[in-house]
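Asker: Mind having a look at this structure? Questions to follow.
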Amino acid sequence: MKGITTLFLLFFVTGIVAQPPKAQLQLEWFQEGHILQGVSMNKQGDELVFVKRLRSKEAGTATAVPAGTENLVSYGKDTSRLLDPVIAHYDLKSRRLLLLDYGWAPRFSPNSRRVVYAHQEKPLNGARVVAESLKGNGIRIFEFQTKKVIDAVTTTRGFLMDPVFTDSASIIYKTGDAVNGPYAAGISLHRYNLLTKKTELLYGARIRHRLYDLMGDVYGSGSHYAFTVYSPQDSAPGLANEYSHLLMRGQDTLHNFGIRHYSNLDAKFALLPGDQLVYLDDNHLMAEDTSFIVTYQSGNVLSKKPLDMEFSKAWLSPEGRFLFYTNNEQVFILRIADFTKLQLPLAKKEIHSVVWSDDGHKVAVVQDHDTLPHTDKLYLFSVN
């Protein structure tokens, strides 16, 4: 009898563990003729900020502001800013849209009361977004309670890019330069204190083999922030053949992902407490080579799980529990603990970006609209 009970419990527990992930669609949003970029969620996962841009002045009714929108951005009779990036805020509770300002890369403060972004200073006038069109942009903060805009960091020349809050009083942002031709990229990091109004250098610009170290995203909060660096190791004339892929805090290297051809580390790793790191190692020369989920503890390998499915793109959740991936035909969410998966009801269209919430319980997806040409659609799913 005891053996039967044990066997029953074993099957019962196995059945619970083997349940696939569950996802529920919470939002579909689009505006005809618009590109959607730079999506970010607050910690509670009930507010979104993103950038929307009109593709062309000939988009007709696409220039109209959606019904129910509170618009703090006025075009007036001046059409020179019709194609400029607009920061949009969407509240899932009220289902209302608020247009804040012209800018790029919006991010919430920890308490969701503010948004920081790079302000688009000059009208683009339909020009390509290259380094010259971003020069002179400052860092701004929008306060939801007062609906006021604060100029936090300003510049008359050069590039200020990709600001993030690491706590309620501190913003880390990149300074940039024109690299790889006419395009701007981050080459150093600064921190701005909202209380003291002082700026400090966190990581200075460095040139190796005649090329800049390139700055990636900033992760974590407070003094436990970290950032990615791509450091050129050798070069042909004007081009880096290989880069060191590093996760750093200040001058300390938290993890070395190795030397290889440049590969973006965004959404490829999860930085966990206790110096633990989960890494999606899918950088290989041949498509048929095996990808792995690798868990490190203080730089040492704890586990290395092979992924037996084929995928073209994949995004790891920030706490390392889920993997969002596509094989160009279908889209799935995989639970890493037991490799069970769920197919999401998304059209067979190009996926432009995937953004997880900090706790991994929500995921936002931007892809081509399934019926409207030249239009992006934003989806939000809850995941358990």
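Asker: Amide H of Asp177 versus every other amide H placed in the peptide plane: which residues, excluding those fewer than 5 positions away on the same chain, fall under 5 Å?
Answerer: Ala185, Ile187
Asker: Along the Cα→Cβ direction, 7 angstrom out, place labels at Thr146 and Asp338. What is the inter-label distance in nm?
Answerer: 5.2
Asker: What residue among Ala184, Ala169, Ala88 has the largest mean-square fluctuation in a Gaussian network model of the chain, using Cα springs under 10 Å?
Answerer: Taking springs between Cα atoms under 10 Å, the residue moving most is Ala169.
Asker: For Rg and Dmax of the Cα atoms in Å, the listed values are (i) 22.1, 83; (ii) 32.8, 108; (iii) 23.0, 89; which was obtained by calculation from the structure presented?
Answerer: Of the labelled values, this structure produces (i).
Asker: Now, a different point. From the phi angles alone, apply the Karplus equation (6.51, -1.76, 1.60; θ = phi - 60°) to the range 346-357 and give each ³J(HN,Hα) in whole Hz, x where the residue is Gly or Pro.
Answerer: The phi angles translate into 10, 5, 7, 10, 4, 9, 8, 7, 9, 10, 8, 6 Hz.
Asker: How high is the FRET efficiency from Asn264 to Glu350, r the C-beta distance, R0 22 Å, rounded to 0.05? Write out the running numbers ahead of the final one.
Answerer: Values: r = 17 Å, r/R0 = 0.78.
Calculated value: 0.80.
Asker: Moving on to the next point. Non-local amide H neighbours of Arg206 (under 5 Å, H modeled in plane, Pro and chain starts lacking H): which ones?
Answerer: Residues meeting the amide H criterion: Asp213.
Asker: For Ser291, list long-range residues whose amide hydrogen, built 1.01 Å from N in the peptide plane, is under 5 Å from its own amide hydrogen.
Answerer: Leu307
Asker: Rounded to whole Å, give me the distance from the Cα center of the range 185-250 to that of the range 344-384.
Answerer: 29
Asker: Which of these, Asn42, Asn300, Asn256, has the largest mean-square fluctuation under a Gaussian network model of the chain (Cα springs below 10 Å)?
Answerer: With Cα springs under 10 Å in the chain, the top fluctuation among Asn42, Asn300, Asn256 is at Asn300.
Asker: Sticking with this structure for a sec: Label 7 Å along Cα→Cβ of Asp167; the range 187-230 residues with amide nitrogen under 19 Å?
Answerer: 190-203, 218-227
Asker: Wrap a convex hull around the Cα atoms of the range 67-204, take a quarter of its surface area, and give that in square nanometres. Don't skip to the answer; put the middle values down first.
Answerer: Values: hull surface 37.7 nm².
Directional mean of the projected Cα hull area for the range 67-204 stands at 9.4 nm².
Asker: Here's another thing I want to ask about it. Can you find, among Leu25, Asn328, Val116, the residue farthest towards the positive end of the dipole of the chain? Put +1 on the C-beta of Lys and Arg, -1 on that of Asp and Glu.
Answerer: Of Leu25, Asn328, Val116, it is Val116.
Asker: Let me ask something additional. Which whole-angstrom value gives the distance between the alpha carbon centres of the range 151-179 and the range 290-318?
Answerer: Between the Cα centres of the range 151-179 and the range 290-318 lies a distance of 32 Å.
Asker: Another question, then. At a Förster distance of 30 Å, what's the computed FRET efficiency of Asp289 paired with Ser112, Cβ-Cβ distance as r, to 0.05?
Answerer: Values: r = 42 Å, r/R0 = 1.40.
E between Asp289 and Ser112, to the nearest 0.05, is 0.10.
Asker: Work out from phi, with θ = phi - 60° and the Karplus expression 6.51 cos²θ - 1.76 cosθ + 1.60, the ³J(HN,Hα) of each residue of the range 216-229, listed in order in whole Hz, and give x for Gly and Pro.
Answerer: The phi angles translate into x, 7, 9, 10, x, 9, x, 7, 9, 5, 8, 8, 9, 10 Hz.
Asker: Sorted by average packing, counted as other Cβ atoms within 10 angstrom per residue and highest first, what order do 115-121, 160-166 take?
Answerer: Values: 115-121: 24.7, 160-166: 22.1.
Averaged packing, sorted descending, gives the order 115-121, 160-166.
Asker: Whole number please: convex hull volume per residue, Cα atoms of the range 83-149, in Å³. Provide the component values of the computation, followed by the final result.
Answerer: Details: hull volume 6.3 nm³, N = 67.
That works out to 94 Å³ per residue.
Asker: OK, next. So how much slack lies between Thr253 and Ile207, counting 0.36 nm per residue of separation and subtracting their Cα-Cα distance, in nm?
Answerer: On the way: separation 46, 0.36 × 46 = 16.56 nm, distance 1.78 nm.
Separation in residues times 0.36 nm, less the Cα-Cα distance, equals 14.8 nm.
Asker: Counting just the Cα atoms, what span does the range 205-312 cover along each of its three principal axes? Round to the nearest Å and put the largest first.
Answerer: Between the extreme Cα coordinates on each principal axis of the range 205-312 lie 39, 39, 21 Å.
Asker: In sequence order, what are the phi-derived ³J(HN,Hα) couplings for the range 155-164 according to the Karplus relation 6.51 cos²θ - 1.76 cosθ + 1.60 with θ = phi - 60°, rounded to whole Hz, with x for glycine and proline?
Answerer: Per residue, the Karplus-derived 3J(HN,Hα) values read 8, 9, 8, x, 10, 10, 9, 6, x, 9 Hz.
Quick note: the coordinates plus some simple rules give every number you see, no bench work behind them. Only a predicted model underlies this, so the values are computations on that prediction, with no experimental measurement involved. All Cβ positions, glycine included, derive from the backbone under ideal geometry; neighbour counts span all protein chains shown.
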